[in-house]
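Visitor: Handing you a structure now.
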Amino acid sequence: METTPLIEFSHVSVRYGERPALEDVTLRVEPGRYVGVIGPNGSGKSTLLRALLGTTALAAGEVRIGGRTPEQARGAFAYVPQHHTEVRDFPLTVGDVVMMARLRGMAPWRRIGRRDREIVAWALERVGMADRREALIGELSGGQQQRVFIARALAQEGRVLLLDEPLTGVDAGTMELVLALLAELHGEGRTILITTHDLNTTADTCDTLLLLNTRVIAYGPMAETFTPALLEATFGRHVHIGEGGPHAEVTENVIHH
Ligand code: ADP
Ligand code: MG
């Protein structure tokens with residue numbers, strides 16, 4: 001018997017004005033996959049996640065999550081957006097920022113309860129920020145802020161994690177912690193989609209790759225998609241891959257071994 005795909009894009013196009021951001025995207029993500037979405041700046045990575053969340057209108061096609069529309073499936077996701085300027089500039093504590101995940105969609109008469117506090121504490125624990133709960137978010141380093149935003153996403157309790165460039169501009173310690181955490185969450189059976197323009201991390205962590213440049217250049221298991229020809233087609237320039245294959249070290253889209 002065929003399993004129902006968790007996520008399905010059928011001929012999805014998104015335009016901002018005249019300009020296409022996604023064109024004819026068709027793909028299925030089976031439950032439990034760890035998908036790296038890579039492509040140059042402006043290739044539609046963030047738009048793809050927004051299409052899943054139902055926060056961008058489709059010009060054509062449809063998106064289904066377990067057979068439901070993005071609007072119906074909103075609770076399925078834990079989302080770490082690319083930019084967090086909306087909270088960074090407010091005098092909020094780390095605990096407040098994570099608690100925001102619990103307040104979203106809460107009925108006005110419901111109060112923050114013990115379970116909410118427990119989940120916030122658990123989420124901060126998982127990102128190694130439990131001891132910074134009372135700190136102001138704006139006073140933390142970029143890497144620490146990113147951990148807090150991941151904790152906020154975890155507190156949403158979605159089974160599918162969507163992370164938009166969570167590793168851009170973070171320190172080495174945060175990168176290691178985040179990658180280890182994602183590996184753990186994946187091991188617990190969660191589906192993960194992570195966008196990045198850093199081939200290095202995706203090649204080493206994901207099992208599936210989506211090469212995106214407005215259109216799908218390639219989609220499938222890492223071993224079939226992480227090839228010089230497909231990477232060149234995605235980035236529009238030569239990408240050298242060493243003998244290490246997908247697990248080789250990559251810097252600035254050039255792979256050394
Ligand atoms: P990526 O995340 O890969 O950098 P995006 O999905 O953010 O790409 O953007 C895809 C294209 O759509 C780019 O050309 C970008 O400039 C454009 N775009 C993204 N968001 C908007 C928006 N809100 N309004 C107008 N154009 C947008
Ligand atoms: Mg983006």
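Visitor: Looking at 169, 128, 158, 142, can you tell me which residue is touching a Gly at 6+ places or on another chain (Cβ under 7 Å) and on the phi > 0 side of the Ramachandran plot? If you could, list the steps in order and put the result at the bottom.
Guide: Working: 128 fails: touching a Gly at 6+ places or on another chain (Cβ under 7 Å); 158 fails: on the phi > 0 side of the Ramachandran plot; 142 fails: on the phi > 0 side of the Ramachandran plot.
Checking each option against the conditions leaves just 169.
Visitor: Here is a further query. Conditions first: (1) closer than 23 Å to residue 201 by Cα; (2) more than 12 Å from ligand 1 (Cβ to nearest atom); (3) surrounded by fewer than 16 Cβ atoms within 10 Å (Cβ to Cβ); (4) of a type outside the set (D, E, K, R). Residue 29 passes all but one, so which condition is the exception?
Guide: (3)
Visitor: Oh, and also: When the residues of the stretch 132-171 are narrowed to those that are in contact (Cβ under 8 Å) with a residue 40 or more places away in the chain and over 28 Å from residue 29 (Cα atoms), which ends up most open to solvent (accessible area, probe 1.4 Å)?
Guide: 134
Visitor: Out of 195, 214, 174, which single residue is polar (S, T, N, Q), out of contact with any helix residue (DSSP H, G or I) (no Cβ under 6 Å at 6 or more places or on another chain) and crowded, with 17+ Cβ neighbours inside 10 Å? Write out each step before concluding.
Guide: On the way: 195 fails: out of contact with any helix residue (DSSP H, G or I) (no Cβ under 6 Å at 6 or more places or on another chain); 174 fails: out of contact with any helix residue (DSSP H, G or I) (no Cβ under 6 Å at 6 or more places or on another chain).
Just one listed residue meets the conditions, 214.
Visitor: From the set of residues in the stretch 198-211 that are crowded, with 24+ Cβ neighbours inside 10 Å and within 16 Å of ligand 1 (Cβ to nearest atom), which is farthest from residue 234 (Cα to Cα)?
Guide: 202
Visitor: Another question, if that's okay. Which of the numbered conditions does residue 83 fail, given that it passes all the others? Conditions: (1) over 23 Å from residue 234 (Cβ atoms); (2) away from ligand 1 (no atom under 16 Å from the Cβ); (3) of a type outside the set (Val, Ile, Thr); (4) open to solvent by 60 Å² or more (accessible area, probe 1.4 Å).
Guide: (2)
Visitor: In addition: When only residues in the stretch 38-77 that are away from ligand 1 (no atom under 13 Å from the Cβ) and hydrophobic (A, V, I, L, M, F, W, C) count, which is most open to solvent (accessible area, probe 1.4 Å)?
Guide: Initially, the stretch 38-77 is screened for residues away from ligand 1 (no atom under 13 Å from the Cβ), giving 54, 58, 60-77.
Cutting the leftovers down to hydrophobic (A, V, I, L, M, F, W, C) gives us 58, 60, 63, 65, 73, 76-77.
On the way: 58: 63, 60: 42, 63: 3, 65: 5, 73: 1, 76: 22, 77: 9 Å².
Filtering the stretch 38-77 for residues that are away from ligand 1 (no atom under 13 Å from the Cβ) and hydrophobic (A, V, I, L, M, F, W, C), the one most open to solvent (accessible area, probe 1.4 Å) comes out as 58.
Visitor: With the condition kept exactly as written, say whether any residue in the stretch 179-193 is farther than 17 Å from residue 76 by Cα, at pLDDT below 95 and within 16 Å of ligand 1 (Cβ to nearest atom).
Guide: No, the stretch 179-193 has no match at all.
The values are calculated or read from the model by the stated rules, or taken from the named source; none is laboratory data. Bear in mind that the values here come from a model prediction, so they are computed numbers and not experimental data. Backbone-built Cβ (ideal geometry, glycine too); neighbour counts: all protein chains shown. Heavy atoms of the whole protein, side chains included, go into the accessibility calculation; ligands, DNA and RNA do not. Shrake-Rupley method; radii C 1.70, N 1.55, O 1.52, S 1.80 Å.
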